[in-house]
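Structure first, commentary second.
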Amino acid sequence: MEQTVQSTRSLAGITPAATSSFAAFNLAEPLLRGVAAAGYSQPTEVQARALPLGLQGRDIMCSAQTGTGKTAAFALPALQRLLIPSKGAGRGPRVLVLTPTRELAMQVESVFHDLGKFAKLKIGLVVGGVSYQPQERLLKGAVDVLVATPGRLIDHLEHKLVDFARVELLVLDEADRMLDMGFIQPVRKIVAATPASRQTLLFSATLEGGVLGFAKQFLRDPVTIQLTSAKKRHESIAQRVHPVGGSDHKQALLAHLLSDPAVTQAIIFTTTKRGADKLAKRLTALGHPSAALHGNMRQSARTKTVDLLRHGKLRLLVATDVAARGIDLEGVSHIINYELPTVAEDYIHRIGRTGRNGATGTAISLIGPDDRTRLASIERLIGRRLEQQIIPVMVPQHSASAGGSTAPGGSGRSGRPHSQGGGRSFSGAAPSGRAPQAAAAPRRSPGARARQSASTSGGGWR
Ligand code: AMP
């Protein structure tokens, strides 16, 4: 075992670009078996860059999201450490991973289980929304890895049920999200309870603003790893916006989009928990069985819903941003922003639930006149304007007149959608002289209609 660690120290010479196999990292044999059993044949970019440094014991701050393989980038150095018996006294965790959401914590725990399955380690999970007793029992015994959300962990810490004296490696996963969720104080307290000699790995979607302050407080001489920028990511996802009028029109358009068989599985995002519940019920009533996912649900119900989605037993999920991060799902064909997120960054996280692991995906945002500012922020962030498509048959009555005369933007008589709508509110592309229909039942296949619909780059109400 000692030999393994000796050899990991010599990894400094490895250049990430040249690292095409996990064997090059000199991972211990049980871990290489775990990697192979997990089906990883080649390291991802974040793994190639972070593993040599993590295995050397360096502090790292890394801009990487779920979907990049970042979990293994911190789990493997953690597991490699654990193969050497602890010198520290006590039974507390030697590796502590903090994540912002329960779903992410569960996912991280399962990666530790998968990669460490030949290493005989005790891996524990501490999250909110479930009963305290099993966690208390877990924390009384010896634990190697503890994956936790800060809120529940701080409860245990304050009741002196957990001892961090043995922590050798601390991971702050999705640090920006932890900040956004107001976890700064619990995280500070938890970190303060761990030894200063620990190694710290911070992963975050962005390395800007508050996260830098976080890093300064908690990391020692960190190496920064910047993956491809947010603007360049998501090339596998077709993104577009559909202008909408009022809420009836929005619901009708959504139901219409969902009747496209190409939507094999979709996550529909709302901004509020109540909104998610209401919309899931409404869609179900409209013949599109849906389930909701949000932070007010009991954890068991959240887990069950995610499992249904993961196993293809649920086609439509209406969710708040609790589902925007962390959750790694393979089969999601479409992301629909029924409501745009209030924070532009969340747009990137939301759409990242599709187009994963080499698949392609589609992200559609339904945009009303009041969404202009939010849309502009998103477009600034991703560095381009989103393609705007108008589905003619779905144009609401009131919107058709809002744009000006008969068909805003010019050639209303053509009967065809056009690319430069000029109205302030949703500038419809309704064929001239025909009453536009807001909630008409689709007469052609939605795909065909979408193809026929206007594809604009700067029209509508922008
Ligand atoms: P993560 O970003 O850690 O959530 O990982 C996203 C997905 O990529 C998960 O389903 C992992 O199992 C998978 N994954 C991670 N690393 C690799 C790899 N080197 N090769 C293939 N799949 C991987």
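None of the figures in this text is laboratory data; all of them are computed from the coordinates on show. Just so you know, these numbers come straight off a predicted model, no measurement behind them. Cβ placement follows ideal geometry from the backbone for every residue including glycine, while neighbour counts extend to all protein chains displayed.
Quick notes on this one:
- Estimated FRET transfer efficiency (Asp307, Arg240; beta-carbon r; R0 35 Å; 0.05): 0.70
- Ranked for footprinting exposure by Cβ neighbours inside 10 Å, fewest first, His349, His311, His294 give His311, His294, His349.
- Residues Ser131 and Glu29, FRET efficiency given R0 of 35 Å [Cβ-Cβ distance, rounded to 0.05]: 0.35
- Applying the Karplus relation 6.51 cos²θ - 1.76 cosθ + 1.60 with θ = phi - 60° to segment 175-184 yields 3J(HN,Hα) values of 4, 5, 5, 4, 5, 4, 8, x, 8, 4 Hz, where x marks Gly and Pro.
- D_trans [Stokes-Einstein, Kirkwood Rh over alpha-carbon pairs] for segment 118-274, 25 °C, 0.890 mPa s, µm² s⁻¹: 126 µm²/s
- Sorted by Cβ density within 10 Å, fewest first, the residues Thr99, Thr373, Thr206, Thr68: Thr373, Thr206, Thr68, Thr99
- Spin-label zone in segment 81-96 - amide nitrogen under 20 Å from a point set 7 Å from the Cα of Ala165 along the C-beta vector: 85-96
- Gln299 paired with Thr342, simple spin-label distance in nm, labels 7 Å along Cα-to-beta-carbon: 2.6 nm
- Members of Lys117/Lys160; Lys160/Lys273; Lys120/Lys160; Lys70/Lys122; Lys189/Lys216; Lys160/Lys304 lying beyond 24 Å, as alpha-carbon distances in this model show: Lys117/Lys160; Lys160/Lys273; Lys120/Lys160; Lys160/Lys304
- In Å, descending, principal axis extents of the Cα set of segment 2-226: 47, 39, 30
- Estimated FRET transfer efficiency when R0 is 41 angstrom, pair Ala36-Arg282 (beta carbons, to 0.05): 0.30
- Fewest-first ranking of Tyr347, Tyr40, Tyr338, using other Cβ atoms within 10 Å as the exposure measure: Tyr40, Tyr338, Tyr347
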